[in-house]
1. Tell me the residue from 21, 44 that is at pLDDT 95 or above, surrounded by 20 or more Cβ atoms within 10 Å (Cβ to Cβ), outside any strand (DSSP E or B) and not basic (Lys, Arg), please.
2. Out of 74, 125, 66, I need the residue that is small (Gly, Ala, Ser) and more than 28 Å from residue 154 (Cβ to Cβ). Which one?
3. Which of (1) more than 16 Å from the chain's Cα centre (by Cα); (2) at pLDDT below 95; (3) of a type outside the set (Lys, Arg) does residue 161 not meet, given it meets every other one?
4. Six or more apart or on different chains, Cβ under 8 Å: which pairs go from a residue in region 115-132 that's aromatic (Phe, Trp, Tyr) to one that's assigned to a loop (DSSP other than H, G, I, E, B)? Could you list them?
5. Of the residues 85, 72, only one is free of Cβ contacts under 8 Å to residues at least 24 places away in the same chain, basic (Lys, Arg) and closer than 30 Å to residue 175 by Cβ; which?
6. Quick one: how many residues across region 181-203 are closer than 26 Å to residue 141 by Cβ, among the small types (Gly, Ala, Ser) and either crowded, with 16+ Cβ neighbours inside 10 Å or at pLDDT below 95 (or both)?
7. Of all residues in region 4-18 being of a type in the set (A, V, I, L, M) and buried (at least 22 other Cβ atoms within 10 Å of the Cβ), which is nearest to the chain's Cα centre (by Cα)?
8. Would you confirm, using the coordinates I've provided, whether residue 84 is in a helix (DSSP H, G or I), at pLDDT below 95 and within 25 Å of residue 184 (Cα to Cα)?
Amino acid sequence: MSSPFRLGITGGIACGKSVVAAYLQQQYGVPIVDADQLARQAVAVGTPIYQAIVDRYGAEICRSDGTLDRPRLGEIVFAQPEERRWLEAQIHPWVIAQMQQAIQKCDQSLITLVIPLLFEAHLEGLVDHIWVVATTLGQQLARLQQRDGLSEKAAAQRLASQLPLEEKTRRADTVLWNTGSLEELYRQVDQAFSLLGRNGKGS
């Protein structure tokens, strides 16, 4: 069985990567592997990575039901770059291994990998073509604050932890601008997807 064409979706935080991936799945039946979902599985109660996090930060990093207090963990790692690097070193290898397994098991001609830190983690070699979902800095900050209930300072810390969006768009094969309506974004997805097909890539 030949290996599927691997479409990578990345972009800035709160730019709409998941929206694009969900549309691809619903409209075209494309299998999606989401690095964020895998990262949540990696730190589920009882996993070795969960235990390493609890050992490092203490029981207060957990909620009453034992699950990780993700907002509290976020406050730590986004304020202290060395702690973020430590956490990523625990999670990233497991997530990458899961994505590689998904590629191997895929029985379709195209698979989409949603990887927020694709460039930061140097995972360009894992995909064949890169879509970057982008928006303006103002929209990005506003959406992030609204989505995660963050202060402007906390939202800015999260943005600072990633490559600037300008750099991501420069490295993209295709840029999808999520600055208007959903319909406008979907039209861009349709066009970009049709170009993949015309180039003999994907289904």
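The values are calculated or read from the model by the stated rules, or taken from the named source; none is laboratory data. Note that the structure is a prediction, hence the values are computed from the model and not measured. Please note: Cβ atoms are built from the backbone with ideal geometry, for glycine as well, and neighbour counts cover all protein chains shown.
1. Among 21, 44, only 21 is at pLDDT 95 or above, surrounded by 20 or more Cβ atoms within 10 Å (Cβ to Cβ), outside any strand (DSSP E or B) and not basic (Lys, Arg).
2. Working: 74 fails: more than 28 Å from residue 154 (Cβ to Cβ); 66 fails: more than 28 Å from residue 154 (Cβ to Cβ).
Only one candidate qualifies: 125.
3. Of everything listed in (1) more than 16 Å from the chain's Cα centre (by Cα); (2) at pLDDT below 95; (3) of a type outside the set (Lys, Arg), residue 161 misses just condition (1).
4. 119/163; 131/172; 131/173
5. On the way: 72 fails: closer than 30 Å to residue 175 by Cβ.
From the options 85, 72, the qualifying one is 85.
6. Narrowing region 181-203 to residues closer than 26 Å to residue 141 by Cβ: 181-189, 192.
Of the ones still in play, those that are also among the small types (Gly, Ala, Ser) are 181, 192.
Add one more test, that the residue is either crowded, with 16+ Cβ neighbours inside 10 Å or at pLDDT below 95 (or both), and what stays is 192.
Counting residues in region 181-203 that are closer than 26 Å to residue 141 by Cβ, among the small types (Gly, Ala, Ser) and either crowded, with 16+ Cβ neighbours inside 10 Å or at pLDDT below 95 (or both) gives 1.
7. Filtering region 4-18 for residues of a type in the set (A, V, I, L, M) gives 7, 9, 13-14.
Still in the running and buried (at least 22 other Cβ atoms within 10 Å of the Cβ): 7, 9, 14.
Details: 7: 13, 9: 8, 14: 10 Å.
Among residues in region 4-18 that are of a type in the set (A, V, I, L, M) and buried (at least 22 other Cβ atoms within 10 Å of the Cβ), the one nearest to the chain's Cα centre (by Cα) is 9.
8. On the way: in a helix (DSSP H, G or I): yes; at pLDDT below 95: yes; within 25 Å of residue 184 (Cα to Cα): no.
So residue 84 fails the test.
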